[in-house]
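The values are calculated or read from the model by the stated rules, or taken from the named source; none is laboratory data. A quick note: this is a predicted structure, and the numbers were derived from the prediction, not measured. Neighbour counts are summed over all protein chains in view; Cβ atoms, including those assigned to glycine, are modelled from backbone coordinates with ideal geometry.
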Amino acid sequence: MRFEIPEKKKLVYQMTIPVRWGDMDTMGHVNNALYFRYMESARINWLHSINCLPDPQGEGVILASTFCNFRRPFVYPADILIKTYVTEPGHSSFETWTTMEKVGEPGVLYATGGATLVWLNFREGKSMPLPEWLRQVLTTR
C-alpha cells in the first residue's frame, strides 16, 4: 500500500539530519525504523517552533497514525533534507506530510511519509476541536 502526498499542501518546516554510521543495518543502508525517527524529529521540532507543546494536565496533540513509503535507500555518509507539510485541518485532527531527499540531490525523493495528529484533552482522554490559533497555522489558503 502506498499513500501519496497531496499536491495542495503548505510547507511548515524543514531541517537537515546527518546519516550516522550507526543508522545503517546489516544490508548496508539506513534501517527502515530510522525513517520514522527522522520524521518524528522534524515533526517535534516544528511543533516546538510554533509553541505547540502538549500539556499533560491540559490539552495538546497526540500521534494517531503514521506511514512511510520507502523509495530508495539512504546510505552513510549523507545528509537528509526533511520537509514537513500540512493540509487543511479537520475538526479535531490534521495531517502532516513528509518528504526526505539527499542534500545535493534536490527533488529526488528517497522517502515520503505522513502522520495524523489529534488534539486531545489529556485528563478526559477525548479529542476536542483544534484551537483557533493552531487552525490558523495549518490553513493552506
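Could you look through the stretch 13-33, keep only residues that are assigned to a strand (DSSP E or B) and over 20 Å from Trp133 (Cβ atoms), and pick out the one that is farthest from the chain's Cα centre (by Cα)?
Met24
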Practice problem: Just give me the residues in the stretch 4-33 being surrounded by 13 or more Cβ atoms within 10 Å (Cβ to Cβ) and within 30 Å of Gln136 (Cβ to Cβ), in sequence order. | Solution: Ile5, Pro6, Lys9, Lys10, Val12, Tyr13, Gln14, Met15, Ile17
Practice problem: Please tell me if Ala115 is of a type in the set (A, V, I, L, M), surrounded by 12 or more Cβ atoms within 10 Å (Cβ to Cβ), within 22 Å of Met27 (Cβ to Cβ) and touching a residue at least 60 places away in the same chain (Cβ under 8 Å). | Solution: no
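Do we have Ser93 as on the phi < 0 side of the Ramachandran plot, surrounded by fewer than 14 Cβ atoms within 10 Å (Cβ to Cβ) and at pLDDT 95 or above here? Let's see the steps before the verdict.
Values: on the phi < 0 side of the Ramachandran plot: yes; surrounded by fewer than 14 Cβ atoms within 10 Å (Cβ to Cβ): no; at pLDDT 95 or above: yes.
The answer is no for Ser93.
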Quiz item: Can you name every residue in the stretch 1-20 that is within 22 Å of Ala33 (Cα to Cα) and of a type in the set (Lys, Arg)?
Solution: Arg2, Arg20
Quiz item: Among the residues of the stretch 107-126, how many are assigned to a loop (DSSP other than H, G, I, E, B) and either aromatic (Phe, Trp, Tyr) or in contact with a strand residue (DSSP E or B) (Cβ under 8 Å, 6 or more places away or on another chain) (or both)?
Solution: 3
Quiz item: Is it the case that some residue within the stretch 120-134 is surrounded by 14 or more Cβ atoms within 10 Å (Cβ to Cβ), closer than 19 Å to Met39 by Cβ and without any contact (Cβ under 8 Å) to a residue 60 or more places away in the chain?
Solution: no
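Residue by residue, here is whether (1) in a loop (DSSP other than H, G, I, E, B); (2) without any contact (Cβ under 8 Å) to a residue 40 or more places away in the chain; (3) not hydroxyl-bearing (Ser, Thr, Tyr) holds:
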{"position": "Phe3", "(1), (2), (3)": "yes, no, yes"}
{"position": "Leu11", "(1), (2), (3)": "no, no, yes"}
{"position": "Tyr35", "(1), (2), (3)": "no, no, no"}
{"position": "Asn51", "(1), (2), (3)": "yes, yes, yes"}
{"position": "Gly60", "(1), (2), (3)": "no, no, yes"}
{"position": "Phe67", "(1), (2), (3)": "no, no, yes"}
{"position": "His91", "(1), (2), (3)": "yes, yes, yes"}
{"position": "Trp97", "(1), (2), (3)": "no, no, yes"}
{"position": "Met100", "(1), (2), (3)": "no, no, yes"}
Quiz item: What are the residues in the stretch 69-88 that are of a type in the set (Lys, Arg) and either outside any loop (DSSP other than H, G, I, E, B) or in contact with a helix residue (DSSP H, G or I) (Cβ under 8 Å, 6 or more places away or on another chain) (or both), if any?
Solution: Lys83
Exercise. Might you check whether a residue that is surrounded by fewer than 16 Cβ atoms within 10 Å (Cβ to Cβ) and free of Cβ contacts under 8 Å to residues at least 24 places away in the same chain occurs anywhere in the stretch 71-80?
Key: no
